[in-house]
Amino acid sequence: EIVKHWKSYFYVTDGWKGFLVATHPSVKNIINVTTEQLKGIYSGSIKNWQELGGPDAKIVILDRPKEEFAEHLLRKYYLGQDLKISSEAVVLRRESELIAAIQNTPYSIGAFSLAYAISHKLPVNHLSLNGVEPSLENIKNNKYPMVIPIGITIKKTLAKSVKEFVNYAMSQAGKEELAKHNFVVFTQKK
């Protein structure tokens, strides 16, 4: 559990939310991509899945605005801040739009919530990145970096009902509820 202090607020972190890079099921024979391959895909220098050992089909890039979590994490760990994304990329404003598009657009690739993909048993291919599978276990073991902390921002002085909720959220029962929804909860600091 991590607690950060701001003037009259606390931010209490209780776990981690992972993000994955996935493809439409039509992308066969590709289960792992390297950083360089991912850069090539997103920049548009790799245009066909066949270049990576997959089907002979044009890659459809589904992207999010730069300030969104999945895009931020992709840039931080794999693409770099300065990589110019292909002008052919389809930029979707909401994660829900990207999730619908990746399920319905053959030969597409995109990044979104791992917890959502697992909870909803989405029929998409989860790509390993540099040989590391996007799994809850790899997040727990600090092997998979595409994660953000999840937590609660609260005032230093709380109403009784809010305090009760925060106590529940930080309790073992609250952590078990988060874990049921495929978030990685703290048992120790990450």
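The values are calculated or read from the model by the stated rules, or taken from the named source; none is laboratory data. Given the structure is predicted, the values throughout are model-derived calculations rather than measurements. All Cβ positions, glycine included, derive from the backbone under ideal geometry; neighbour counts span all protein chains shown. Quick note on the areas: whole protein, heavy atoms, side chains included, nothing else; ligands and nucleic acids left out. Shrake-Rupley method; radii C 1.70, N 1.55, O 1.52, S 1.80 Å.
Quick check on segment 73-82: of everything there that is open to solvent by 40 Å² or more (accessible area, probe 1.4 Å) and not basic (Lys, Arg), which residue is nearest to THR34 (Cα to Cα)?
So the residue we want is TYR77.
Just the residues that are out of contact with any helix residue (DSSP H, G or I) (no Cβ under 9 Å at 6 or more places or on another chain) and loosely packed, with under 15 Cβ neighbours inside 10 Å, please, taken from segment 120-132.
LYS121, GLY131
Any idea which of ALA111, ALA57, ALA70 is surrounded by 15 or more Cβ atoms within 10 Å (Cβ to Cβ) and more than 18 Å from the chain's Cα centre (by Cα)?
After ruling out the rest, the residue left standing is ALA57.
Is it fair to say VAL162 is open to solvent by 40 Å² or more (accessible area, probe 1.4 Å), β-branched (Val, Ile, Thr) and assigned to a helix (DSSP H, G or I)?
yes
Would you point out the residue of segment 133-148, among those that are over 16 Å from THR35 (Cβ atoms) and open to solvent by less than 60 Å² (accessible area, probe 1.4 Å), that is nearest to the chain's Cα centre (by Cα)?
Going through the qualifying residues, I end up with VAL147.
Restricting to segment 18-54, what's the tally of residues that are open to solvent by 40 Å² or more (accessible area, probe 1.4 Å), assigned to a loop (DSSP other than H, G, I, E, B) and without any contact (Cβ under 8 Å) to a residue 40 or more places away in the chain?
Final tally of qualifying residues: 5.
Given (1) assigned to a strand (DSSP E or B); (2) under 15 Å from the mean Cα position of the chain (by Cα), where does ILE154 come up short, assuming only one miss?
(2)
For a quick check of your reading of the model, give me the residue pairs whose first member lies in segment 122-143 and is free of Cβ contacts under 8 Å to residues at least 40 places away in the same chain, whose second is small (Gly, Ala, Ser) and part of a loop (DSSP other than H, G, I, E, B), with beta-carbon atoms closer than 9 Å and at least 6 apart or on different chains.
Every condition considered, the pairs that remain are LYS143/SER135.
For the structure I just gave you, tell me whether ASN182 is within 20 Å of GLY18 (Cβ to Cβ) and modelled with pLDDT of 80 or more.
Criteria not met by ASN182.
Does ALA100 satisfy the criteria of being modelled with pLDDT of 95 or more, assigned to a helix (DSSP H, G or I), surrounded by fewer than 18 Cβ atoms within 10 Å (Cβ to Cβ) and out of contact with any strand residue (DSSP E or B) (no Cβ under 9 Å at 6 or more places or on another chain)?
Yes.
Consider only pairs whose beta carbons are under 7 Å apart and that are at least six residues apart or on different chains; among these, list those whose first residue lies in segment 73-99 and is under 16 Å from LEU20 (Cα atoms) and whose second residue is assigned to a helix (DSSP H, G or I).
Correct list of pairs: TYR78/THR35; TYR78/LEU38; LEU79/LEU38; LEU79/LYS39; LEU79/TYR42; ILE99/TYR116.
Which condition does ILE154 not pass, out of (1) more than 28 Å from HIS120 (Cα to Cα); (2) open to solvent by 40 Å² or more (accessible area, probe 1.4 Å); (3) among the hydrophobic types (A, V, I, L, M, F, W, C), if it passes all the others?
Here ILE154 clears every test but (2).
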